[in-house]
Amino acid sequence: MSETPSLCRFRRVSKWYGAVIALNDVSFALRPGITGLVGPNGAGKSTLIKLLTGQLRPSLGEVRVQDVSAWSAAARSYIGYCPDADAFYEEMSGRAFVRFMARLRGYRRNDAHERSEAALQQVEMTDRADRKLGSYSKGMRQRIKLAQAIVHDPDVVVLDEPLNGVDPVGRAQLVRVFRQLADAGKAILISSHILDEMDTLADQVMFICRGRMLASGTLEEIREMLEDHPLKVRINAKSPRELAGQMLRLNAVRGVQLEPPQSLLLEVERPGEFFPELARLAAKEDYEIEKLEVVDASTEAVFDYLLRQAGQ
Amino acid sequence: MSVDSVGFRGWSERLTSPWLSSWSIARTGLLLVLRRKLFWILLGLALLNFLFMFALIYLKAQLSAQNPAIERFVDRILTSVTGTGDSYLNFMFLQGTVTMLMLAFAGEVLVGSDFQQGGLTFYLSRRISRRHYALGKLLGIGMLVSLTTTIPAVILFIEYGAMTDSLTYLRENWRILLGILGYGAIMATVLSLVLFALAAWLEKTVPLVMAWAALFVLLPVLGRILSRVQDDEDWLLIMLWRNLRLLGSWCFGSVDAGEETELIGWAASIVLLVCAASVAAIIPRLRAIRVVQ
């Protein structure tokens, strides 16, 4: 991932609203794939998104998209934005809305028509696009918003809380579209405060809190950086006591806790060293390991650790 | 790895000017307004007056054609269709009542909802700037004003000319056409700015209607009371609608020299002040982006 070029770059960006600092010295680069932007309410997610989409100017630092300032109109050609607001133009049909947004992009009438049809097809809304926006479900509104964001085939798609309030079926459909876009080489930035979503959805995660970037990278990378919090690994095996004895001999294992009848919980300091060792042991001895799960490498757990560290 | 090899490409499509997007914004705004039944009722009301005038002009032309001698008599009875600048000025002024009512209810649809529901972010994330957005919205309001004032007045002017034997009326009274367009442009500009400013701050229909009523109903009443109590006609200058009419009469060239010219100077200054205040109120609303909902 690190070899792929970045399309958007924040360089030491800060943003103040009067005396309140919303974003503090933030730097990162956005690459192809799905990047999750995670943080509690008021963390600075919306400010970061509005700086990226050229709706706000940074107080300090620079935001560049390709090689132009995000504030310039040219940068918006590369970005598709799907805001979290979804109560808009209730009287308008989904098709008319997407077409209108294509016209605002600068397309001529015929091009706008073609582009909007292609976008509606991509989000699987072609057959329902003539209904009024006011009659749509939450999931359908999200898809129409996504269609207007991708109508000009942007390289970067910024989605603000795209799965908020969407039912499981709609969520699965949207996630499928996000994945298709990411597979097509686009950079997708998804802001969310629902951390469970990010475990399976995001290739990379950026954790933000109180205007500061706490960490960014893949979940595994970030988890490994948290040296003060050893990785918790639960193993179910037929002979847990024998396995616990073996585990204690490994340098990467800091502690072992038996959880009767068949589980043991390990505290692992260097996962990169531990897992190959475990695999070697499992192959050599017959411990009959039934299940192995990392307990605290989810987005939520990592974010919890990061917040605790930031609090210190 | 180069940028090209991961699917990114330079932007080379032929696109229209962002200024043309303002037209799309105006057109869409107008269509949104016309989707509501209330506006069709108000438009119908405005059309009633227009149709009445249209019929009167036709009737006058028919009567005059049958007996040219009674033309003066007809002119004396049907004072509203004399074909002079004043008759168009009066027509547009009367149309203004329905226009005002329409604008008070259209403010939320045209502008308020963009601020209330976060629709502004959709616009500002496109290739257009705040200027293009503002121009589009002002154009939309202006089109609504023109739909009930300038356009019907122009149609009546053409009808009046067409009903005469030759095109002499149209040739000799080009100043009236300029007057219609000028008064219409002044009304459209001033009302657009004031409505945009009020709708951007008040957002919802009820407070907007109240503010609109205060500006165009309460203030004129106050102006009349004060002018009587103080015995000073200058108080009438706080009536924005009257000031617009004064400017309109200047456009039609029906202003007497002397005191009235001075009055028009004051009216113009007040109208300009209102426009400047509206612009000053609009700018911070366009700058501010609501970050935390």
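The values are calculated or read from the model by the stated rules, or taken from the named source; none is laboratory data. Computed from a prediction, not measured in an experiment: that's the story for all the values here. With ideal geometry, Cβ positions are generated from the backbone for all residues, glycine too; neighbour counts draw on all protein chains shown.
Structure data summary
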{"item": "Residues (touching a residue at least 12 places away in the same chain (Cβ under 8 Å) and either facing another protein chain (nearest Cβ under 8 Å) or acidic (Asp, Glu) (or both)) located in segment A:81-110", "result": "A:81, A:83, A:84, A:86, A:88, A:89, A:90, A:91, A:92, A:101, A:105, A:107"}
{"item": "Filtered residues of segment A:64-74 (kept if among the β-branched types (Val, Ile, Thr) and crowded, with 24+ Cβ neighbours inside 10 Å)", "result": "A:65"}
{"item": "Hits in segment A:120-135 - residues which are out of contact with any Gly (no Cβ under 8 Å at 6 or more places or on another chain) and either in a helix (DSSP H, G or I) or on the phi > 0 side of the Ramachandran plot (or both)", "result": "A:121, A:122, A:124, A:126, A:127, A:134, A:135"}
{"item": "Residue in segment B:64-83 that is within 21 Å of the chain's Cα centre (by Cα) and either farther than 13 Å from residue B:163 by Cβ or crowded, with 19+ Cβ neighbours inside 10 Å (or both) present", "result": "no"}
{"item": "Residue that is surrounded by the most Cβ atoms within 10 Å (Cβ to Cβ) [pool: residues in segment B:95-133 that are within 14 Å of another protein chain (Cβ to nearest Cβ) and small (Gly, Ala, Ser)]", "result": "B:106"}
{"item": "Residues that are more than 14 Å from every other protein chain (Cβ to nearest Cβ) and outside any helix (DSSP H, G or I), drawn from segment B:17-72", "result": "B:67"}
{"item": "Selected residue (only one of B:249, B:269, B:278 is over 22 Å from residue B:134 (Cα atoms), among the small types (Gly, Ala, Ser) and surrounded by 16 or more Cβ atoms within 10 Å (Cβ to Cβ))", "result": "B:249"}
{"item": "Residue ranges of strands (runs of 3 or more DSSP E) in segment A:202-252 with at least 2 members more than 21 Å from residue A:289 (Cβ to Cβ) and touching a residue at least 24 places away in the same chain (Cβ under 8 Å)", "result": "A:204-209, A:212-217"}
{"item": "Unmet criterion (only one of (1) more than 21 Å from residue B:250 (Cα to Cα); (2) within 20 Å of the chain's Cα centre (by Cα)) for residue B:206", "result": "(2)"}
{"item": "Residue ranges of helices (runs of 4 or more DSSP H) in segment B:142-240 with at least 1 members free of Cβ contacts under 8 Å to residues at least 40 places away in the same chain and among the charged types (D, E, K, R)", "result": "B:168-172, B:219-229"}
{"item": "Any hit, segment A:284-298, residues being at pLDDT 80 or above, in contact with an Asp or Glu (Cβ under 6 Å, 6 or more places away or on another chain) and of a type outside the set (Val, Ile, Thr)", "result": "no"}
{"item": "Failed item in (1) outside any helix (DSSP H, G or I); (2) in the same structural domain as residue A:51 (by TED's automatic domain parsing); (3) out of contact with any Pro (no Cβ under 9 Å at 6 or more places or on another chain); (4) among the aliphatic types (A, V, I, L, M), with residue A:265 passing the rest", "result": "(2)"}
{"item": "Residue, surrounded by the most Cβ atoms within 10 Å (Cβ to Cβ), within segment A:79-107, restricted to residues that are charged (D, E, K, R) and modelled with pLDDT under 90", "result": "A:105"}
{"item": "Residue B:87 being under 30 Å from residue A:68 (Cα atoms) and either in contact (Cβ under 8 Å) with a residue 24 or more places away in the chain or surrounded by 15 or more Cβ atoms within 10 Å (Cβ to Cβ) (or both)", "result": "no"}
{"item": "Hey, residue B:93 at pLDDT 90 or above and within 15 Å of residue B:163 (Cβ to Cβ) or not", "result": "no"}
{"item": "Criterion (more than 21 Å from the chain's Cα centre (by Cα), closer than 19 Å to residue B:31 by Cα and more than 12 Å from chain B (Cβ to nearest Cβ)) met by exactly one of A:59, A:135", "result": "A:135"}
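Yes/no per residue for (1) farther than 21 Å from residue A:211 by Cα; (2) buried (at least 23 other Cβ atoms within 10 Å of the Cβ):
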site: A:9; (1), (2): no, no
site: A:18; (1), (2): no, no
site: A:25; (1), (2): no, no
site: A:29; (1), (2): no, no
site: A:32; (1), (2): yes, yes
site: A:38; (1), (2): no, yes
site: A:52; (1), (2): no, yes
site: A:56; (1), (2): no, yes
